[in-house]
1. Taking the condition surrounded by fewer than 23 Cβ atoms within 10 Å (Cβ to Cβ), in contact with a strand residue (DSSP E or B) (Cβ under 8 Å, 6 or more places away or on another chain), assigned by TED's automatic domain parsing to the domain that holds ASN155 and over 29 Å from PHE400 (Cβ atoms), does ASP284 pass?
2. Among the residues of the range 484-491, are any of a type in the set (A, V, I, L, M), buried (at least 18 other Cβ atoms within 10 Å of the Cβ) and out of contact with any Cys (no Cβ under 7 Å at 6 or more places or on another chain)?
3. Being β-branched (Val, Ile, Thr) and within 29 Å of VAL466 (Cβ to Cβ) is the filter; apply it to the range 494-525 and report the residue that is farthest from the chain's Cα centre (by Cα).
4. Scan the range 195-215 for residues that are among the aromatic types (Phe, Trp, Tyr) and within 18 Å of ALA237 (Cβ to Cβ) and report the count.
5. Limited to the range 96-137, what total is found for residues that are modelled with pLDDT under 70 and not in a loop (DSSP other than H, G, I, E, B)?
6. Say we look at the range 364-402 and pick out the residues that are among the charged types (D, E, K, R) and either modelled with pLDDT of 95 or more or not assigned by TED's automatic domain parsing to the domain that holds MET165 (or both); which of these is farthest from ILE244 (Cα to Cα)?
7. Consider the range 443-461. How many of its residues are under 18 Å from ALA332 (Cα atoms) and not β-branched (Val, Ile, Thr)?
8. Filter the range 62-95 for residues that are assigned to a loop (DSSP other than H, G, I, E, B) and under 32 Å from the mean Cα position of the chain (by Cα); which is farthest from GLN430 (Cα to Cα)?
Amino acid sequence: MPRFLLLIFILLFTQTVNAQNRIAVLLNDKGGTPYTLSNPSAYLSQQAIARRTQASIAIDSTDLPVNPAYINAIKNTGAVVLNTSKWLNEVTVDVSSAPNALAAINGLPFVKQTKVVGRPSTNGHHVNKYSFVMQNLSYKQHQLQKVASTSSFYNYGYAQNQIKMIDGDKLHDMGYRGNGKIIAMLDAGFFNVDVMTAFDSLRAHNRIIDTYDFVDHQTNVYDDHSHGAMCFSIIGANDPGNLIGTAPEASFYLFRSEDAFTENPIEEYNWATAAEAADSVGADIISSSLGYFTFDDSTLSHTYADLDGRTTPIAIAATMASRKGMIVVNSAGNEGNNPWHYIISPGDADSIITVGAVDSVEQYAFFSSTGPAADGRVKPTVSAQGMGTYVSSPYDNSVFSGNGTSFSCPVIAGMVACLWQSVPSATNMQIIEAVKQSASQYLNPDSLLGYGIPNFDSARMMLLSVNNPNFGKGDFIENIYPNPFSNTVNINFYADSNRKYSAEIFDITGKLLAKKTGIFNPYIINSFQLSTPTFAKGVYTLRIITDKGVYKRKLIKQ
């Protein structure tokens with residue numbers, strides 16, 4: 001376990017409890033804390049510090065952990081400390097075993113307020129947020145339609161439509177598969193991920209960096225709910241011919257913040273703690289197929305007016321994660337066909353990607369929660385396939401389909417990792433804006449699909465135009481893929497004006513073997529192919545000639 005994650009966990013809890021009444025203790029300040037802004041390495045990893053540096057984000061008081069002296073004083077009242085949140089500057093506790101603890105806590109000079117965040121249902125009914133998703137799973141493999149793969153790199157199997165819909169295959173074929181990016185999955189559990197075939201590549205390459213359960217305060221997340229395992233497969237699976245995820249070469253933290261068997265506000269505070277842990281260890285992206293609006297005790301439920309991005313604890317935490325340079329990708333919710341048809345929190349948070357759902361032919365899925373946010377902002381942000389989405393089974397290693405924005409969210413989250421890998425100099429907000437601008441209805445967003453279905457190849461080109469120092473300074477070869485190649489090589493070339501070109505491939509003796517001519521369009525990435533089916537294995541030279549110059553690259557035929 002990384003040292004920084006261990007430090008966080010030591011500060012977060014004292015013991016596991018099963019009590020029903022939980023309290024959030026909001027603190028006035030962080031006065032007297034032993035942590036300082038001048039020594040961030042005491043509470044942030046080098047990756048987290050580097051992320052802030054790259055995006056010019058200052059380390060401030062919200063980065064400082066909750067004052068340990070305050071935590072100890074709360075413990076001394078007899079309360080059991082569960083989790084802490086530095087962004088919210090609060091401590092969640094259980095006071096059921098100490099009847100006088102709450103009064104004592106309220107009497108502490110540094111305590112601002114206490115709130116009830118967990119208690120039994122008032123009507124004996126528990127909210128089951130996963131009922132829709134779990135009821136709509138199809139385990140009958142013989143009914144599934146596997147599409148023949150046309151990708152030059154991955155055999156996507158059943159996942160082909162959900163990936164190609166957003167042009168994710170193009171980034172994969174260029175080598176952008178999430179490598180080097182870290183994704184934190186926040187969910188209700190990751191049942192059997194440690195043995196599922198879909199994740200054998202991740203395990204073999206140690207790309208599941210660490211795990212933690214913020215509900216039961218332990219490292220094992222593999223014996224809880226299966227929802228997280230299915231969502232994880234949409235991003236991380238590498239099961240050729242069956243299911244390939246959207247970022248199968250990314251690295252992951254798996255965090256459980258949701259108790260699937262109850263629905264209480266404390267889960268929003270758990271989420272905040274998990275998001276802070278993701279930030280502290282240097283995660284780039286949070287993928288969260290979670291959301292809240294109604295609770296077992298209805299008196300604690302949110303109203304639509306609360307969905308303004310500034311009111312619910314989880315929305316505040318999600319916005320804070322964005323301000324720390326991460327990208328939060330969160331499901332919109334499955335309430336579209338219910339009396340409450342709106343997005344659920346943290347989908348209302350500012351500066352995050354909230355994902356709605358469409359079906360396999362890009363039409364609005366009837367269950368997908370609708371916008372706007374209570375303050376009028378466009379929500380959902382974008383949409384992806386969440387109806388008939390294919391996932392790996394945590395039970396028998398098969399592939400099945402299901403419905404839910406829980407599934408459209410990781411489709412987008414994984415591709416965000418690939419997009420960021422392709423333009424590593426981009427900031428989180430530049431990535432989010434490019435995803436929005438690439439979407440199918442960017443100029444006319446609505447409350448069903450938001451800005452629409454994104455095109456990640458177009459988003460990549462937009463980012464290149466903003467972040468590549470060569471743009472506007474002349475022509476250049478932007479990318480060649482795949483390289484090594486088999487029968488076809490793809491070339492991306494940027495031209496700063498309309499000009500004719502000749503693209504040629506030579507062998508090591510200087511013999512011309514292939515040639516293509518055409519006209520480059522200005523101020524975009526021009527893409528074209530050269531076919532090489534008769535070439536022998538070996539090294540070749542690509543030469544592109546324009547009136548501006550001659551551009552060369554080495555090619556390898558495999």
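1. Numbers: surrounded by fewer than 23 Cβ atoms within 10 Å (Cβ to Cβ): no; in contact with a strand residue (DSSP E or B) (Cβ under 8 Å, 6 or more places away or on another chain): yes; assigned by TED's automatic domain parsing to the domain that holds ASN155: yes; over 29 Å from PHE400 (Cβ atoms): yes.
Against the criterion (surrounded by fewer than 23 Cβ atoms within 10 Å (Cβ to Cβ), in contact with a strand residue (DSSP E or B) (Cβ under 8 Å, 6 or more places away or on another chain), assigned by TED's automatic domain parsing to the domain that holds ASN155 and over 29 Å from PHE400 (Cβ atoms)), ASP284 does not qualify.
2. yes
3. Residues of the range 494-525 that are β-branched (Val, Ile, Thr), as a first pass: 505, 508-509, 517, 519, 524-525.
Filter again for within 29 Å of VAL466 (Cβ to Cβ), leaving 519, 524-525.
Numbers: ILE519: 39, ILE524: 28, ILE525: 27 Å.
It comes out as ILE519.
4. Residues meeting the conditions: 1.
5. First, the residues of the range 96-137 that are modelled with pLDDT under 70: 120-126.
Pick out the ones that are also not in a loop (DSSP other than H, G, I, E, B) and you get none.
Selection size over the range 96-137: 0.
6. ASP375
7. Within the range 443-461, residues that are under 18 Å from ALA332 (Cα atoms) and not β-branched (Val, Ile, Thr) number 9.
8. Top of the filtered list is ASN67.
The values are calculated or read from the model by the stated rules, or taken from the named source; none is laboratory data. What you see is a predicted model, and the numbers here were worked out from it, not measured in a lab. Every residue, glycine as well, gets a Cβ built from its backbone with ideal geometry; the counts of neighbours run over all protein chains shown.
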